[in-house]
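Contents: one structure, followed by commentary.
The values are calculated or read from the model by the stated rules, or taken from the named source; none is laboratory data. Predicted model only: the values in this text are computed from it and were never measured. For neighbour counting, all protein chains shown are included, and Cβ atoms are generated from backbone atoms with ideal geometry for every residue, glycine included.
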Amino acid sequence: MMRPWILSLLFVLCGSFVAAGLAFSGSPGAAAGLLLAFLALAGVNSPLIFPRSVGAAEASRRSAADGRPVIYWRPGCKYCIRLRIRLGRDARRLHWVDIWQDPAGAAAVRAANDGNETVPTVVVAGRARTNPDVEWVREQLSRTR
């Protein structure tokens with residue numbers, strides 16, 4: 001349960017220590033700016049920017065019913081973050097599976113990627129594509145019912 005938050009927690013702790021050092025050395029403005037930058041990094045790398053994850057079985061069931069793609073991701077993955085940000089509001093319409101929380105999701109990603117847990121892996125109608133272009137994902141989403 002704690003694993004998805006480790007990177008964010010490290011950003012907060014490191015930022016706090018560095019900012020405290022700057023504040024004690026007489027640079028409170030720089031300390032505040034640096035702390036805000038570290039907090040922003042923590043937020044971007046946290047699971048909070050992603051829509052709520054479901055299990056792989058539930059995502060597959062929902063995808064079969066509505067035709068929407070399933071995206072397998074993990075916290076801290078810069079490619080997952082990039083895809084999520086570039087999708088914007090469309091991201092909420094997709095089915096997201098956190099492979100660190102769902103062993104079945106991790107197994108599905110390994111099966112699609114020759115044993116590697118390479119994310120983001122997008123599955124549409126049973127066919128997987130690893131680290132796809134955002135426009136391709138939008139095109140697949142526009143084809144849904």
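Please enumerate the residues belonging to segment 78-90 that are surrounded by fewer than 19 Cβ atoms within 10 Å (Cβ to Cβ) and either under 13 Å from the mean Cα position of the chain (by Cα) or farther than 19 Å from Asp66 by Cβ (or both).
The answer is Lys78, Tyr79, Ile81, Arg82, Ile85, Arg86, Leu87, Gly88.
Looking only at segment 55-77, count every residue that is surrounded by 15 or more Cβ atoms within 10 Å (Cβ to Cβ) and either in contact with a helix residue (DSSP H, G or I) (Cβ under 7 Å, 6 or more places away or on another chain) or not assigned by TED's automatic domain parsing to the domain that holds His95 (or both) and tell me the total.
Residues flagged as surrounded by 15 or more Cβ atoms within 10 Å (Cβ to Cβ) and either in contact with a helix residue (DSSP H, G or I) (Cβ under 7 Å, 6 or more places away or on another chain) or not assigned by TED's automatic domain parsing to the domain that holds His95 (or both) within segment 55-77 amount to 10.
Exactly one of these conditions fails for Arg138: (1) touching a residue at least 40 places away in the same chain (Cβ under 8 Å); (2) touching a Lys or Arg at 6+ places or on another chain (Cβ under 6 Å); (3) of a type outside the set (Phe, Trp, Tyr). Give me its number.
So the condition that Arg138 fails would be (2).
Pick out the one residue from Arg84, Arg62, Arg92 that is without any contact (Cβ under 8 Å) to a residue 40 or more places away in the chain, under 27 Å from Ser8 (Cα atoms) and part of a helix (DSSP H, G or I).
After ruling out the rest, the residue left standing is Arg84.
What number goes with the only condition from (1) under 13 Å from the mean Cα position of the chain (by Cα); (2) among the charged types (D, E, K, R); (3) under 18 Å from Leu141 (Cα atoms) that Arg61 does not pass?
With respect to (1) under 13 Å from the mean Cα position of the chain (by Cα); (2) among the charged types (D, E, K, R); (3) under 18 Å from Leu141 (Cα atoms), Arg61 is out only on (1).
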